[in-house]
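Inspection log for the structure reproduced underneath, given as structure tokens.
The values are calculated or read from the model by the stated rules, or taken from the named source; none is laboratory data. The model shown is predicted, which means the values in this text are computed figures rather than measured ones. We place every Cβ from the backbone using ideal geometry, glycine too, and count neighbours over all the protein chains shown.
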Amino acid sequence: MKILILGHKGMLGSDLFLRLFAFHDVAGLDIEDIDIASSGACEKAISEIEPDVVINAAAYTNVDGCESNREKCFSVNAEGVKNIAVSCRERGIKIVHFSTDYVFDGQKQTAYVEDDACNPINVYGQSKLAGEEYLKQFSDNFLLIRSAWLYGKNGKNFVKTIVEKARTEKYLEVVDDQIGSPTFTWDLAGAVQLLIESQHTGTFHITNRGNCSWYEFANKILKFAGITGVTVNPIKSDKLIRPARRPHYSVLNCRKFSQSTGKTMRYWQVAVDDYIGKVIK
């Protein structure tokens, strides 16, 4: 297949590129090459490259920044998706697009399934939901992947932040009342490759298996990194002064992916240990 990855230098996009280029004809464009908020730029790139599949790994992901940059956030996360979908529709090109656990409000007590009602509580989640709606409105050939708590080789992420802080600070505070599923972008990219190659369409939840709080996540990171002498103190979300609210429980149910592919994702603890061994140490 000829595959175009938008945002191919980002944390997820770079792993998608590495996963796919050995088996397919893969091209990549990033922020310096294309502004997906421009319908003309999307039309030009897609008409010139003529891909079979467009993977949109480009997004405005600064959750707190979205609160004060609503227009920019929606231009990328919503209008950008519309532009891609419109450019692909008449050419019959499949779209793979990524969304987030933050489209849910976190009030549910069990893992969210693909058909659960969305009710985002911050601007970032609202923009990603708007992007989902545009995708469904303007494309009938898409893969919509919701994932959560991503970390990977490229870009800033929670794992790198905890390790960096623990090397200079002996006391860390991390919230213990937000529950989700940490997800290694390498594993997510592999799952997406499987779905693309097996011609699946529709909405799928994909994260590493299991769930934890950010506090539990931080403690595992320090353990796997071999960092001792650092105290992690659990705190509540309301102690942090942050512009964007976060859902308290945003675990995604990935049963549909497993039933559709016959494959299961690694447990998050195994994935984090692998990531730290390969990337951090």
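Structure above, values below:
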read-out: Qualifying residue in the stretch 37-53 (condition: at pLDDT 95 or above and within 27 Å of CYS254 (Cα to Cα)); value: yes
read-out: The stretch 92-122: number of residues that are in contact with a Phe, Trp or Tyr (Cβ under 8 Å, 6 or more places away or on another chain), assigned to a loop (DSSP other than H, G, I, E, B) and under 29 Å from ASP52 (Cα atoms); value: 1
read-out: Qualifying residue in the stretch 134-144 (condition: in contact (Cβ under 8 Å) with a residue 60 or more places away in the chain, surrounded by fewer than 17 Cβ atoms within 10 Å (Cβ to Cβ) and of a type outside the set (Phe, Trp, Tyr)); value: yes
read-out: Which listed residue, of SER14, SER75, is under 28 Å from ASP101 (Cβ atoms) and crowded, with 20+ Cβ neighbours inside 10 Å; value: SER14
read-out: Matching residues in the stretch 223-248 - criterion: being closer than 16 Å to LYS170 by Cβ and either in contact with a helix residue (DSSP H, G or I) (Cβ under 6 Å, 6 or more places away or on another chain) or among the β-branched types (Val, Ile, Thr) (or both); value: ALA225, ILE227, THR228, VAL230, THR231, VAL232
read-out: Candidate set: the stretch 230-250, residues that are within 17 Å of GLY106 (Cβ to Cβ) and in contact with a strand residue (DSSP E or B) (Cβ under 6 Å, 6 or more places away or on another chain); chosen: the one surrounded by the fewest Cβ atoms within 10 Å (Cβ to Cβ); value: SER237
read-out: Test result for TYR60, surrounded by 17 or more Cβ atoms within 10 Å (Cβ to Cβ), under 30 Å from ILE3 (Cα atoms) and either at pLDDT below 95 or touching a Phe, Trp or Tyr at 6+ places or on another chain (Cβ under 7 Å) (or both); value: no
read-out: Every residue from the stretch 222-259 that is of a type in the set (Gly, Ala, Ser), over 21 Å from the mean Cα position of the chain (by Cα) and under 18 Å from CYS212 (Cβ atoms); value: ALA225, SER237
read-out: In the stretch 243-281, the residues that are modelled with pLDDT of 95 or more, assigned to a helix (DSSP H, G or I) and among the hydrophobic types (A, V, I, L, M, F, W, C); value: PHE257, TRP268, VAL270, ALA271, VAL272, ILE276
read-out: Selected residue (only one of VAL54, VAL81 is within 21 Å of ILE196 (Cβ to Cβ), surrounded by 23 or more Cβ atoms within 10 Å (Cβ to Cβ), among the aliphatic types (A, V, I, L, M) and touching a Gly at 6+ places or on another chain (Cβ under 6 Å)); value: VAL81
read-out: Failed item, numbered, when GLU48 is tested on (1) free of Cβ contacts under 8 Å to residues at least 60 places away in the same chain; (2) touching a Ser or Thr at 6+ places or on another chain (Cβ under 6 Å); (3) outside any loop (DSSP other than H, G, I, E, B); value: (2)
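So that you can scan it fast, the table gives a plain yes or no per residue for (1) of a type in the set (A, V, I, L, M, F, W, C); (2) buried (at least 17 other Cβ atoms within 10 Å of the Cβ); (3) over 24 Å from ARG70 (Cα atoms); (4) without any contact (Cβ under 8 Å) to a residue 24 or more places away in the chain:
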site: SER87; (1), (2), (3), (4): no, yes, yes, no
site: LYS94; (1), (2), (3), (4): no, yes, yes, no
site: HIS97; (1), (2), (3), (4): no, yes, no, no
site: PHE104; (1), (2), (3), (4): yes, yes, no, no
site: VAL113; (1), (2), (3), (4): yes, no, yes, no
site: ALA117; (1), (2), (3), (4): yes, no, no, yes
site: ASN122; (1), (2), (3), (4): no, yes, no, no
site: SER127; (1), (2), (3), (4): no, yes, no, no
